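To start, the structure under review is shown below, and the notes come after it.
The values are calculated or read from the model by the stated rules, or taken from the named source; none is laboratory data. The structure presented is a predicted model; accordingly, all values stated were derived computationally and were not measured. The area values use the complete protein model at the heavy-atom level, side chains included, leaving out ligands, DNA and RNA. Shrake-Rupley method; radii C 1.70, N 1.55, O 1.52, S 1.80 Å.
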Amino acid sequence: MPSPHPHPHPHTHLQLHPQHHLPPPSPTQFHFLLPMGEQTISHLVPQSTSTSTTTTNTNAAASSSPSSPSLNTSNSLVPTNRSKKRLTQNQNHSSTSSENPNPKKPRIHTITPLLRPLSTDGEVAAAIRHLCSVDPALVAVIDSHDPPNFQSFHPPFHCLVRSILYQQLAFKAAASVYSRFLSLCGGEAGVVPAAVLSLSQHQLRQIGVSPRKSSYLHDLARKYHTGILSDESIVSMDDRSLFSMLTMVKGIGAWSVHMFMIFSLHRPDVLPVGDLGVRKGVQILYGLEDVPRPSQMEQLCERWRPYRSVGAWYMWRLIENKAGSNGVVPVGSDMGAGSAPVGVSGPQFVDPIQMLPNIG
């Protein structure tokens, strides 16, 4: 196991291009960097075209008419002997008609800065202070548990591969498959896209990986090999973009992405709305009659922002406390790919190393 060390996670910030590398900019043009770091978008503010249109039309009329008649913006020729009043009216009418009656507003690109990861010194303490101040119902739950510890620093690709291997398996069976998989790759350091692509479906089947999971592993590795994904881009992407990109990988569903974002990237504001354990915890916390639906979770937990990951962690702890009465802990997702079994017997906790709920 590699020794823990702070995971590089720079803040996203606005960056202007150095002026000596660019031609003199237009006063209505600016450049900024998106959170991807390498992607630059130029935002152009629409400019009025009436001046250039008038100039072009005037030049064209002057060249085609020897008498050089006056020209309004609707391209109609106005004889020079017309009254000044009529000319002024035509010009005003043309200027109005040339403008778009429903002009489109310029698109404004907003950048959501990445918050500091929960593995940053003092960030968990800040999250706890915030949660206690905005939600008195959480105070008793927080006071009865030690603070969470987010210190898993495996590379993103490695974590995603392990997440796929552990899907739909009991912890001991999954750990056995994972151990044999590491042997095929030559150890943890060998879990890289090229090594995964080199493994045949037959080899993976021999260590207990189903053909479907083999296709998931190969799809993830191909997306890395082609550059669609990379460890660097995953770390720098904002939450919304990352969710969209990772759910494009076969076998990685919403629940798996949420667990990955919380326990591998240590993102502070992730709410796993599909996790039954978190939903059950919210029901108990607020004394609700029914388990809240995923569509209700955003509103119920809105006050926890920007530390909903920590709020969710305490919901798992709350469910652990209630498990003693019947020995059943609802965990995982009931929403498709990447789910864990629901209704696991015995004490339950979320393992920050494996990113999956498992038996303690």
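Miscellaneous remarks
- For Ser210, residues with placed amide H under 5 Å, excluding near neighbours: none
- Compared with the direct C-alpha span, the chain from Asn149 to Leu197 gains 13.9 nm at full extension, assuming 0.36 nm per residue.
- Cα gyration tensor of segment 262-308 - equivalent ellipsoid semi-axes, whole Å, descending: 20, 11, 9
- Size of segment 135-250: Rg and Dmax of its alpha carbons, in Å, are 17.0, 55.
- Carbon/sulfur fraction of accessible area - segment 222-289, other protein chains in place, 1.4 Å, %: 54 percent
- Looking at segment 166-284, the accessible area is 40 square angstrom per residue; that uses a 1.4 Å probe and ignores ligands, DNA and RNA.
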